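The values are calculated or read from the model by the stated rules, or taken from the named source; none is laboratory data. Note that the structure is a prediction, hence the values are computed from the model and not measured. For neighbour counting, all protein chains shown are included, and Cβ atoms are generated from backbone atoms with ideal geometry for every residue, glycine included. Accessible surface is based on the protein model in full, side chains and every heavy atom, while ligands, DNA and RNA are left aside. Shrake-Rupley method; radii C 1.70, N 1.55, O 1.52, S 1.80 Å.
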Amino acid sequence: MSVTPYSAQDGTKKDQVKTMFNRIAPRYDLLNHLLSFGIDRKWRKRVVKMVKGMKAPVILDVATGTGDLAIALSKSHPSAVYGVDISVGMLEKARQKVQKLGLQHTIILKEADSEALPFDRNTFDVVTVAFGVRNFGDLNAGLTEMGRVLKPGGKLIVLEFSRPANFPMKQLYNFYFKRILPLWGGLISKDKEAYTYLPASVMEFPEGEIFETELVNAGLHPEKSIRQTFGIATIYVALKPLQ
Ligand SMILES: C[S@@+](CC[C@H](N)C(=O)[O-])C[C@H]1O[C@@H](n2cnc3c(N)ncnc32)[C@H](O)[C@@H]1O
């Protein structure tokens, strides 16, 4: 069974994840950039770079949260960027940022579950998801659904945490992730369990070839997997087959 945010409580992983993100939404951005030393911005920029050559793509950003990737993607001259999330608290933060930047005509935000996307099949040129797949209640259902809404030949780009394999980054990372992050994350967010769940969910989540197998099981063709910053994160690119 996969780890859940509030192990002592009832409710599915999906329900608990929604509760957790609604609780931490007010401090999510601050914590995100602080605890990652801002490297997350660089990784999102790399995702945007992969989209930049495309002609006015229609993009879906799943698990958009407070909208950072959707906002970064708006710089790739898209026709539109749709951002969906199950947490209304996170979406509210996204909405405020989008309004402030005057991007409300480019970025359309919607409350929706990755396992039941409110879009027709073959709609999007690109589907992105940053730090979202690890939190899905049913990974295969989420990936399959993202494949359904992609156009044939369309691109799925997944940015997710992975684990450095070599000394000394592996040891440093483990120390930081298991000791420092739960402590500071818990103190600032006032939700200790959320920042205990974060490292626990990263430790158990499939990475590299195992994640690529998940993509294949969802009917997608893994194209490349690019490890970022000593393997702390990985960008996976997969294509929807033409037939
Ligand atoms: C760690 S945040 C990442 C947010 C954003 N993509 C970013 O890069 O900062 C994970 C997000 O996934 C969302 N999420 C988790 N499960 C989901 C699901 N089944 N459908 C849609 N969103 C989901 C959460 O509500 C949360 O906003």
Over the chain, calculate the relative contact order: mean separation of alpha carbon pairs under 8 Å at least 6 apart, over the residue count, as a percent. 20 percent
Would you list which lysines come within 18 Å of Lys52, measuring only between C-alpha atoms, while excluding same-chain residues fewer than 8 positions from it? Lys42, Lys75, Lys151, Lys155, Lys224
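Within a Cβ distance under 13 Å of Asp125, other residues only, what is the Lys/Arg minus Asp/Glu net charge?
+4
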Under the helix-only model (-39500 (n - 2.57) for each DSSP H run of 4 or more, divided by the residues of the chain), the mean residue ellipticity at 222 nm, to 500 deg cm²/dmol, is -13000 deg cm²/dmol
Give me the percent of the accessible area of region 107-223 that comes from carbon and sulfur atoms, probe 1.4 Å, all protein chains in place. 56 percent
Take the Cβ-Cβ distance between Gln99 and Met203 as r, set R0 to 30 Å, and report the resulting FRET efficiency rounded to the nearest 0.05. 0.20
Expressed in µm² per second, the diffusion coefficient of region 44-153 from the Stokes-Einstein equation, with Rh the Kirkwood radius over alpha carbon pairs, at 20 °C and 1.002 mPa s, is 156 µm²/s
Cβ-based net charge around Phe211, under 11 Å, with every Lys or Arg adding one and every Asp or Glu removing one: -4
Whole-number D in µm² s⁻¹ for region 133-243, Kirkwood Cα-pair radius fed into Stokes-Einstein, 4 °C, 1.567 mPa s: 85 µm²/s
With the charge dipole of region 117-211 built from beta-carbon charges (+1 for Lys and Arg, -1 for Asp and Glu) about the Cα centre, the Cα from Phe124, Gly208, Phe136 projecting farthest to the positive end belongs to Gly208
Do any of Lys45/Lys170; Lys18/Lys93; Lys55/Lys93 go past 19 Å between their Cα atoms, and which? Lys45/Lys170; Lys55/Lys93
With every protein chain present, what is the per residue accessible area of the chain (1.4 Å probe, Å²)? 48 Å²
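All other residues with a Cβ under 10 Å from the Cβ of Ile59 taken together, and with Lys, Arg as +1 and Asp, Glu as -1, what is their net charge?
-1
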Here the tail fraction of P(r) beyond 29 Å, over all Cα-Cα pairs of the chain, rounds in percent to 23 percent
